[in-house]
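Trainee: The structure that follows is given in the form of structure tokens.
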Amino acid sequence: MPVLSFKYERLNNFLEKKLCKEEILEIIPLLGLNIEDFNDEEIKVEYSPNRPDYGSPAGIAKAINHFYFNKEPSIEVQIDKSEYIVHVDRRVEEIRPYVVGLYARLQFSEQTLKELISLQEDLHEGIGRKRKKFAIGLHDASRIRPPIYYTVEGPDFKFVPLYHNTQKSILEILSQTEQGKLYGHLLAKKNVFPILKDSLNQVLSFPPIINGNVTALSEKTKELFVDITACELEPAEDALSILAATLLDYGAKIYSVEINFYDKKLETPNLSPRKMLLTKDSIRKILGISLKTNEVINIFKKVNMRARAVKDGKEIEVIVPRHRIDILHEVDLIEEVGYGFGYNKLRPLPLKLHQNGKPLRNKKIFEDIRNCLIGLGFIEVMTFYLANKEEQDLFAEHLIEVAEPKTKEYNVLRSAIMPQLLKVLSSNIHEPYPQKVFEIGRIFELKGRSIIKEKVKVAGLISHTDTSFTEVKSVVNALLNYLGTKNYTFKAYTHPYFIDGRCAILIQNNRKIGLLGEILPYYIQKEGLRHPVSGFEISLEK
Amino acid sequence: MGMNSVLHPIEAEIIGTLKKKNNLTINEITSETKLSLDQVRRGIEWLKKKELIELEEKKYIFVELDTLGIKSINEGLPERRILNLLAEKGGKEEIGKVKKELGMEEKEFSAAIGFAIKSGCIEVTKEKEGVFVKLLSLKLLDSEALLKKIYTKKQIEIGELTFHEKRVLDELKKRPNYIKFREVSEITIKAKENAFTLFEEYSRTPYVEKLTPELIISGKWKEVKFRPYDVEGEVPTVYPGRKHPVQDFIDQVREIFLSFGFEEIEGPVVLPSFWNFDALFIPQDHPAREMQDTFYLKGIFDERIEKNPIIGVIKSIHEKGGDTGSRGWNYKWSVEEAKKTVLRTHTTPITLQYLYKNKPSSAKVFSIDKVFRNENLDSKHLFEFHQYEGIVTGKNVTLRHLIGILSSFYKELGFKKIKFWPTYFPYTEPSLEAVAYVEKIGKWLELCGMGVFRPEVVLPAGIKNPVLAWGGGLERLILLAYEIDDIRFLYENHLSWLRGVNYARTKL
């Protein structure tokens, strides 16, 4: 989740009236923002990536202005045309077909610049999915000579990339720069590359990798040109509408840009709001509150939306600003009503849905097993289902591996519990003996190529100087009798985990349901243990 | 005197031995009795506590040969070498020649001449031709005799030496590097008079140590006297079998759910992405689905879901909203992505599959089970942990009911001050988070996520009524209850903790 840090003072610059630290700390969570940290000057908030309009102090201040100071909604924006035109070369169609843009006049400061670049990064990371869905270029428009051309160039094409002082070819940028290495994989596997340049052949950007240095922003910038390129038009327009909204929050004046595709023309940004319908009944069904139409209308004002009664007051039409891309469904509007109303004002209601509590049947059996083994002096342990390949190797023909585990030594789903228990003994070498441990948990088996069977098993280990097959068999007998298991037999068995001649399987109805014996000293020694260990593992299916 | 008035058999054995000869060391007692060294040590501990014995520390000084002493055994003392040379030369030789032939330093030579004169073996005479040394006797020197004695015995306690030997030793002490001393202290045990009195009593009384079946059956137990035990003393530690504290906590939370009339459900750990993500309206390019957050199984794809007719519905909902009235996520949904198998990242697929399977018009269900995230193991993160989750559905249930349930649920767990804040989850709307003020840590703590399942999630399952859901991580509650900082500790299974911990039973 993106995180934003700012001073209370900075937020106050954009607020209708100044708020003190305590008031700000009170209001922020009510907007759906999470306070990560704060001190006397600064606050750190986490915002959901689907609310990028919260991605700047100005954006948060706007929300507070509506929510707390009841400022009238500002949805419709008057946009004049700029002289900027982008001509789109047909050859980009195969590699990165869409470009949209805007032109803005704005009083920049070092702080504004920092905040806009941080928002740009959050957009790239969040809804941009690490630039997969779109790439944003911010430019000092005073350096650009329109019209602008969105075209293609070959691998040897050279220009000075942002924050560099020498020319680099496209291939050099891809192989040498940090951005090239990070985002090069997003380019179509063609030998041509998208380039945005002006009428003087100055390079604005090589999307989605890096901008040109010539249009770099500074705190002296007064005119801004924004380009957004993408493989699909809608995500690009979404991102542009968010940037436009934020620039407006910063007091910018926005102008549209004409995009000349070979087959169509487009005026961007498109800030026309969406209209959606809502009924008071659906609000009541979800939130449990009955509101009057005018109450609903007033609540929507607090979240910068305009609402009015339609169809003889049966429904409410809501005008949703273009940049609120998170509003997908009527329920999203209901949520806006919820927090506009205030969740802390929602009084709890008692639930009148009576039924008896019903535990899972198998949990009762597990409880029996637990009681029996605890009675026999066993300590319950809990280990991970993820285990180490080498330790599990003996217990399955095909282990189930997880891809790229961050904790490298836990790389397979376990197929047996006993090796995990042996590790537990290994880490308790200095604790008094005898040691008896057990675990009830799942194991995983691969059937065929892709079917995974999950079984619940109980396993136990006993370790002290005199433990033996006899002891562990007595325990298994005691457990099975406790559970009322019938018709089981022990059969001599050879298994590499156990000493030859001191291992048996447990059979019931011709099915192997368990394994027990004295563990091979090789494994005991390998875990640094000194006492004999005997163990059992029994399947609990049925 | 009470219980101390009767000796334990081990104590009696020790006192009995000391009665024969008092002032023995622990080793001596051990060799005199049939007791093991360990038993003797323990017995002495007890006797000391009962003030029946006194311990005395005795110091011994041992003498041993040093480097020159050892050398003299092989080569002879310097004065012996002078005597031997004189004997070879016919009993008389010029002093300078003696020194030269023996190749001795001036200091060593003159000292040796001095010792030889003192023992009466030579005399030095001044003649016209010069100074001569004359042999008088070849007898064994006292110093030689003592060195040899020490050599054969390796070490001798000074107290064992005769008066004469002690004088010779004093002389040898003056010659550097011939002998050295070692101090050894030894503890001896001396029984006090009252110990012997108790021993007499012990020997007189036919105490019975053990109650045997024979004594019971024959009725002889009526005639014998059982040796009283020191019932206030230490005994060996035994450990009961125990439930794991995490399991104990799970059971407590289960009890709360069950007492609220919830039905327990469960589901598989391994799932196709479809059930873990797609059916929950989590778009396929959502960051949570990346390999760095989610465990995917290597090369395993669930082909069965392709035949499930529901995938067409989910595809259209993701892409354009389907029939749910939603705008959808506006991208191309791929069944291949949905086939990838994962370890469930949350317990919500369990409740979701329950809804699909049972299509209840009303229900209260819960599950508490393991979930998996591809994390580095550290003090704050586990890759495998527990979530608890509950859902409620019914004709007239609303968010206000959910707030009501959670208020009582967390009250049962001991949280007194609870707030609800808006937040975001892809599969619930509205989405809230319950936070509680925890006095122990002086902070607001996130308890759980909660909300009403989105229509995009429940409509394909055939559920028309609102579905209220909440769920959270269990371990953070356990850490709080047990006041543990490092989350890994819960699953390190230290027997010292498992054997001895007091279960966190009280409300948090």
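Trainee: Could you list, in sequence order, the residues of region B:129-169 that are open to solvent by 30 Å² or more (accessible area, probe 1.4 Å) and either of a type in the set (V, I, T) or not assigned by TED's automatic domain parsing to the domain that holds B:G90 (or both)?
Mentor: Residues satisfying the conditions are B:V131, B:T152, B:I158, B:T162.
Trainee: Sticking with this one: Could you check, for region A:508-518, whether at least one of its residues is among the charged types (D, E, K, R), at pLDDT 95 or above and in contact with a helix residue (DSSP H, G or I) (Cβ under 8 Å, 6 or more places away or on another chain)?
Mentor: Yes, region A:508-518 has at least one match.
Trainee: Name the residue, out of A:A387, A:A416, A:A396, that is under 25 Å from A:G448 (Cβ atoms), more than 31 Å from the chain's Cα centre (by Cα), at pLDDT 95 or above and in the same structural domain as A:V476 (by TED's automatic domain parsing). So that I can check it myself, show each step before the final result.
Mentor: Numbers: A:A387 fails: more than 31 Å from the chain's Cα centre (by Cα); A:A396 fails: at pLDDT 95 or above.
Among A:A387, A:A416, A:A396, only A:A416 is under 25 Å from A:G448 (Cβ atoms), more than 31 Å from the chain's Cα centre (by Cα), at pLDDT 95 or above and in the same structural domain as A:V476 (by TED's automatic domain parsing).
Trainee: Would you call B:E88 in contact with a helix residue (DSSP H, G or I) (Cβ under 7 Å, 6 or more places away or on another chain) and closer than 30 Å to B:F115 by Cα?
Mentor: Details: in contact with a helix residue (DSSP H, G or I) (Cβ under 7 Å, 6 or more places away or on another chain): no; closer than 30 Å to B:F115 by Cα: yes.
Spelling it out, it is not the case that B:E88 is in contact with a helix residue (DSSP H, G or I) (Cβ under 7 Å, 6 or more places away or on another chain) and closer than 30 Å to B:F115 by Cα.
Trainee: Please report, ordered by residue number, the strands (runs of 3 or more DSSP E) entirely within region B:42-128 with at least 1 residues that are loosely packed, with under 12 Cβ neighbours inside 10 Å and either touching a Phe, Trp or Tyr at 6+ places or on another chain (Cβ under 7 Å) or of a type outside the set (A, V, I, L, M) (or both).
Mentor: Once the strands (runs of 3 or more DSSP E) in region B:42-128 are filtered for at least 1 residues that are loosely packed, with under 12 Cβ neighbours inside 10 Å and either touching a Phe, Trp or Tyr at 6+ places or on another chain (Cβ under 7 Å) or of a type outside the set (A, V, I, L, M) (or both), what remains is B:53-65, B:122-127.
Trainee: Is at least one residue of region B:238-258 within 9 Å of chain A (Cβ to nearest Cβ), touching a Ser or Thr at 6+ places or on another chain (Cβ under 9 Å), surrounded by fewer than 19 Cβ atoms within 10 Å (Cβ to Cβ) and among the acidic types (D, E)?
Mentor: Among the residues of region B:238-258, not one is within 9 Å of chain A (Cβ to nearest Cβ), touching a Ser or Thr at 6+ places or on another chain (Cβ under 9 Å), surrounded by fewer than 19 Cβ atoms within 10 Å (Cβ to Cβ) and among the acidic types (D, E), which makes the answer no.
Trainee: Consider only pairs whose beta carbons are under 6 Å apart and that are at least six residues apart or on different chains; among these, list those whose first residue lies in region B:240-267 and is free of Cβ contacts under 8 Å to residues at least 12 places away in the same chain and whose second residue is among the small types (G, A, S) and surrounded by fewer than 19 Cβ atoms within 10 Å (Cβ to Cβ).
Mentor: As it stands, the answer is B:G241/A:G377; B:L258/A:G357, since those pairs meet every condition given.
Trainee: Do the conditions hold for B:L490, that is, is it assigned to a helix (DSSP H, G or I) and open to solvent by less than 10 Å² (accessible area, probe 1.4 Å)?
Mentor: Considered against the rule, which asks whether it is assigned to a helix (DSSP H, G or I) and open to solvent by less than 10 Å² (accessible area, probe 1.4 Å), B:L490 comes out as yes.
Trainee: From the list A:L373, A:L346, A:L328, A:L351, which residue is under 30 Å from B:Y239 (Cβ atoms) and at the interface with chain B (Cβ under 7 Å from one of its Cβ atoms)?
Mentor: Values: A:L346 fails: under 30 Å from B:Y239 (Cβ atoms); A:L328 fails: under 30 Å from B:Y239 (Cβ atoms); A:L351 fails: under 30 Å from B:Y239 (Cβ atoms).
Checking each option against the conditions leaves just A:L373.
Trainee: Applying the selection to region B:306-320, what residues are touching a Gly at 6+ places or on another chain (Cβ under 7 Å) and either over 11 Å from B:P460 (Cα atoms) or open to solvent by 40 Å² or more (accessible area, probe 1.4 Å) (or both)?
Mentor: B:V313, B:S316, B:H318, B:E319, B:K320
Trainee: Here is a further query. Only one residue in A:I85, A:I75, A:I79, A:I95 is among the aliphatic types (A, V, I, L, M) and modelled with pLDDT under 90, so which one is that?
Mentor: Going through A:I85, A:I75, A:I79, A:I95 in turn, just one is among the aliphatic types (A, V, I, L, M) and modelled with pLDDT under 90: A:I75.
Trainee: Is it true that some residue in region B:266-283 is of a type in the set (D, E) and buried (at least 19 other Cβ atoms within 10 Å of the Cβ)?
Mentor: There is at least one residue in region B:266-283 that is of a type in the set (D, E) and buried (at least 19 other Cβ atoms within 10 Å of the Cβ).
Trainee: Now, a different point. Residues to consider are B:V371, B:V335; find the one that is without any contact (Cβ under 8 Å) to a residue 40 or more places away in the chain and surrounded by 22 or more Cβ atoms within 10 Å (Cβ to Cβ).
Mentor: Residue meeting the stated conditions: B:V371.
Trainee: Do any helices (runs of 4 or more DSSP H) entirely within region A:1-113 hold 1 or more residues that are in contact (Cβ under 8 Å) with a residue 40 or more places away in the chain, closer than 30 Å to A:R274 by Cα and away from chain B (no Cβ under 14 Å), and if so, which?
Mentor: A:8-14, A:57-67
Trainee: Would you call B:K34 of a type outside the set (S, T, N, Q), free of Cβ contacts under 8 Å to residues at least 24 places away in the same chain, more than 30 Å from B:I117 (Cβ to Cβ) and not in a helix (DSSP H, G or I)?
Mentor: For B:K34, the condition - of a type outside the set (S, T, N, Q), free of Cβ contacts under 8 Å to residues at least 24 places away in the same chain, more than 30 Å from B:I117 (Cβ to Cβ) and not in a helix (DSSP H, G or I) - is met.
Trainee: Looking at region B:452-475, can you tell me whether even one residue there is farther than 30 Å from B:I314 by Cβ, assigned by TED's automatic domain parsing to the domain that holds B:H401 and in contact with a helix residue (DSSP H, G or I) (Cβ under 7 Å, 6 or more places away or on another chain)?
Mentor: Checked region B:452-475: at least one residue is farther than 30 Å from B:I314 by Cβ, assigned by TED's automatic domain parsing to the domain that holds B:H401 and in contact with a helix residue (DSSP H, G or I) (Cβ under 7 Å, 6 or more places away or on another chain).
Trainee: Assigned to a helix (DSSP H, G or I) and in contact with a Gly (Cβ under 6 Å, 6 or more places away or on another chain): does that describe B:L172? Break it down into steps so the answer makes sense when it comes.
Mentor: Working: assigned to a helix (DSSP H, G or I): yes; in contact with a Gly (Cβ under 6 Å, 6 or more places away or on another chain): no.
It is false that B:L172 is assigned to a helix (DSSP H, G or I) and in contact with a Gly (Cβ under 6 Å, 6 or more places away or on another chain).
Trainee: Would you tally the residues in region A:353-377 being out of contact with any helix residue (DSSP H, G or I) (no Cβ under 8 Å at 6 or more places or on another chain) and not in a helix (DSSP H, G or I)?
Mentor: Adding up the residues that qualify gives 6.
Trainee: Across region A:406-430, what is the total count of residues that are buried (at least 20 other Cβ atoms within 10 Å of the Cβ) and facing another protein chain (nearest Cβ under 7 Å)?
Mentor: 3
Trainee: Okay, moving on. For A:I319, are the conditions met, namely being in contact (Cβ under 8 Å) with a residue 24 or more places away in the chain and within 7 Å of another protein chain (Cβ to nearest Cβ)? Explain how you work it out, then say what you get.
Mentor: Values: in contact (Cβ under 8 Å) with a residue 24 or more places away in the chain: yes; within 7 Å of another protein chain (Cβ to nearest Cβ): no.
Against the criterion (in contact (Cβ under 8 Å) with a residue 24 or more places away in the chain and within 7 Å of another protein chain (Cβ to nearest Cβ)), A:I319 does not qualify.
Trainee: Of the residues in region B:429-443, how many are open to solvent by less than 10 Å² (accessible area, probe 1.4 Å) and either within 11 Å of chain A (Cβ to nearest Cβ) or within 23 Å of B:T351 (Cα to Cα) (or both)?
Mentor: 6
Trainee: Restricting to strands (runs of 3 or more DSSP E) lying wholly in region A:409-523: which have 3 or more residues that are charged (D, E, K, R) and in contact (Cβ under 8 Å) with a residue 12 or more places away in the chain?
Mentor: A:435-447, A:451-463
Trainee: A further question follows. Residue check, B:G43 against (1) under 22 Å from B:Y60 (Cβ atoms); (2) touching a helix residue (DSSP H, G or I) at 6+ places or on another chain (Cβ under 7 Å), all met but one. Which one?
Mentor: Every listed condition holds for B:G43 apart from (1).
Trainee: Identify all residues within region A:80-109 that are in contact with a strand residue (DSSP E or B) (Cβ under 6 Å, 6 or more places away or on another chain), over 20 Å from A:Y262 (Cα atoms) and surrounded by fewer than 17 Cβ atoms within 10 Å (Cβ to Cβ); write none if there are none.
Mentor: Across region A:80-109, the qualifying residues are A:D80, A:K81, A:R105.
Trainee: Restricting to region A:360-387, count the residues that are open to solvent by less than 40 Å² (accessible area, probe 1.4 Å) and farther than 18 Å from A:K457 by Cβ.
Mentor: Adding up the residues that qualify gives 1.
Trainee: Here is a list of conditions, (1) outside any loop (DSSP other than H, G, I, E, B); (2) facing another protein chain (nearest Cβ under 9 Å); (3) without any contact (Cβ under 8 Å) to a residue 12 or more places away in the chain, and B:L297 meets all of them except one; can you say which number that is?
Mentor: (3)
Trainee: Can you work out which of the residues in region A:294-316 that are assigned to a loop (DSSP other than H, G, I, E, B) and without any contact (Cβ under 8 Å) to a residue 12 or more places away in the chain is nearest to the other protein chains (Cβ to nearest Cβ)?
Mentor: A:K311
The values are calculated or read from the model by the stated rules, or taken from the named source; none is laboratory data. Predicted, not measured: the structure shown is a model, and the values here were computed from it. Note that we place each Cβ from the backbone using ideal geometry, even for glycine, and neighbour counts take in every protein chain shown. Protein only, heavy atoms only, side chains kept; ligands, DNA and RNA dropped before computing areas. Shrake-Rupley method; radii C 1.70, N 1.55, O 1.52, S 1.80 Å.
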